[in-house]
Amino acid sequence: MRRAARAATAATCLAVTALLTGCGVSGTPTAGEIDVRTLDTGSYPVDRYTYQERAEGSGPVLEGMRMAEAVTPAVRIDPSLTVGRGGIVLPDADTVVEVSHLSGVSRPILENRGFIAGYAASGSDKPDPAGSDAPDPTSTTVTVRLLRFPSEDAAKLAARELEDADFDVAREQNRKLTIAEYPDAFAHWRPGVPNIGMTMPRKEFVIAVFASRPRADEQDLVSWARKTLDAQVPLVDAFEPTPADRVDDLPVDPGQMLARTLVDNRDGHTPNPDDFAVYGPNALVLGAPDQAKRQQLVDDTDLDAMSLTEENVLFRVRDAAAGRNLIDGLIGSLGERWVSGSAPERVPDTTCMRLPRSSSGDGVYRCYVSYKRYVALVNADSETSVQRKASAQYALLANSL
């Protein structure tokens, strides 16, 4: 649950030009700004650019990214659930089963009912044990999967069939449950086992919930299922799904976020939830070690979009002042092992951090670059590399805006 998902033609430059000036450094400085043509940007493409592609087969990935906005952070379910365990795009039935760990008996149901896309997220009141991807067995942990189907009728059938199939895995031990406030929900538990499974259709979606508690108490588990739906249902109701027949027409780069995020080159990229993706603000909250603080940071800065490319991230906030606040908040959440690093001398509004080298591997170098209402985060494995990336990212933003 920790997973967080290419242009046809890219503007390139001749090798000699790259060696002398850096690839694609263009533009004219405005008053009060540096001339980005003088920065060391290496071979990174930093000219203004547009990814014009449509989904063309990657529609479920793009719709799944959009659906991250419709899955509740755990802290909204209950204030005690502050530890975000991350989120994942669910572009196909295999990912739903093999990565988000929905029961294997669900696979044929998803396929037969025309599953389109989904998103799953999990949160807890305790961090996972060191070295483990499983939640602490003494924790309260809630996982929500939001699954999209072609129609409301398909979602209703899928919700019932998913519940029946999971119930039948241990029919003699499982017991059906009802949630009075949500008569359309299907739920069950196994007496003596401290967890509850539930599915409920809503619009063309199925909300699938799995909640675990430190102790096995039927009414307590039902109350947690209800609280989860209380937080989740309004987000589903507010979300506007892409019409099923237009999912493959979704743009790869809404808002030109990816075009403004640094890449090594612009060739061959396809939508990927982890390294070529655009998300709304919710994605930044779902994996946060303290969701309450992260949500406050998002609200205070009016963060409304973020993009991922390879090792780099771009955020869009209200204005330059909000950008500085975002950087302060993100650095504050890094942990005490991180120390101040050296920023490139001629790049304004840039702050760098360093995670010192350990016996297990190289150090990590990170710079935060602020330009107008954008904040970029670039990572590298050396100080020289991260400073060059920060310079290139600044030049890209200056040339793009």
Problem - Pairwise centroid distance, computed over Cα atoms, of the range 74-96 with the range 183-235, Å - result: 14 Å
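At most 10 other Cβ atoms within 10 Å and a DSSP loop assignment: could you name the trypsin sites (Lys or Arg not before Pro) in the range 327-401 that fit? Mind showing how you got there, number by number?
On the way: sites: Arg337, Arg346, Arg354, Arg357, Arg366, Lys372, Arg373, Arg388, Lys389; in loops: Arg337, Arg346, Arg357, Lys372, Arg373.
Taking the range 327-401 and a limit of 10 other Cβ atoms within 10 Å, the loop trypsin sites (Lys or Arg not before Pro) found are Arg337.
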Handout entry: Net charge over other residues, Cβ less than 10 angstrom from the Cβ of Leu102 (K, R count +1; D, E count -1)
Key = 0
Fill in the blank from the handout: The rounded separation in angstrom of the Cα centers of the range 335-353 and the range 306-321 is 17 Å
Practice task
Taking 7 Å along the Cα-to-C-beta vector as the label spot, tell me the Asp264-Ala216 distance in nanometres, rounded to one decimal.
Solution key: 5.1 nm
Problem - Shape category assigned to the range 252-399 from the gyration tensor of Cα positions, a/c cut at 1.5 - result: rounded
Exercise for the section: Starting from the Cα of Lys293, draw a straight line to each of the lysines and keep only those under 26 Å, dropping any in the same chain fewer than 8 residues away. Expected result: Lys126, Lys227, Lys372
Practice task
Pop the C-beta distance of Lys227 and Gln296 into the FRET formula with R0 = 30 Å and round what comes out to the nearest 0.05.
Solution key: 0.90
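Please give the calculated 222 nm ellipticity per residue for the chain, where each DSSP H segment of at least 4 residues contributes -39500 (n - 2.57) and the sum is spread over every residue; nearest 500 deg cm²/dmol? Display every interim value, and only then the final one.
Working: 11 runs with 117 residues, N = 401.
Mean residue ellipticity at 222 nm (helix-derived): -8500 deg cm²/dmol.
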Exercise for the section: Determine, from the Cβ-Cβ distance of Ser103 and Thr50 and an R0 of 51 Å, the FRET efficiency 1/(1 + (r/R0)^6), rounded to the nearest 0.05. Expected result: 0.75
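With a ≥ b ≥ c the root eigenvalues of the C-alpha gyration tensor of the range 58-238, is it rounded (a/c under 1.5), prolate (a/b larger than b/c) or oblate?
It comes out rounded by the Cα gyration axes.
Excluding Glu218 itself, what net charge comes from residues whose Cβ is under 12 Å from its Cβ, given Lys and Arg +1 and Asp and Glu -1? Don't jump to the answer; show the numbers that get you there.
On the way: positive: Arg175, Lys176, Arg190, Arg213, Arg215; negative: Asp217, Asp220.
Result for the neighbourhood of Glu218: +3.
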Handout entry: Protection proxy ranking, peptides 141-149, 278-286, average beta carbon neighbours within 10 Å, highest first
Key = 141-149, 278-286
Exercise for the section: Measure off 7 Å from each Cα along the Cα-to-Cβ vector at Glu336 and Ala321, then give the distance between these two points in nanometres to one decimal. Expected result: 3.3 nm
Problem - Within straight-line cross-link reach of Lys156, aspartates and glutamates at Cα separation under 18 Å, skipping those fewer than 8 residues along the same chain - result: Glu111, Asp164, Asp166, Glu181, Asp184, Glu204, Asp237
Problem - Ranked by how many other beta carbons lie within 10 Å on average, peptides 210-216, 126-132 from highest - result: 210-216, 126-132
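Readers should treat all values here as calculations from the given coordinates under stated rules, not as data from a laboratory. Keep in mind that what you see is a predicted model, and the values were worked out from it rather than measured. Cβ atoms come from the backbone with ideal geometry, glycine included; neighbour counts cover every protein chain shown.
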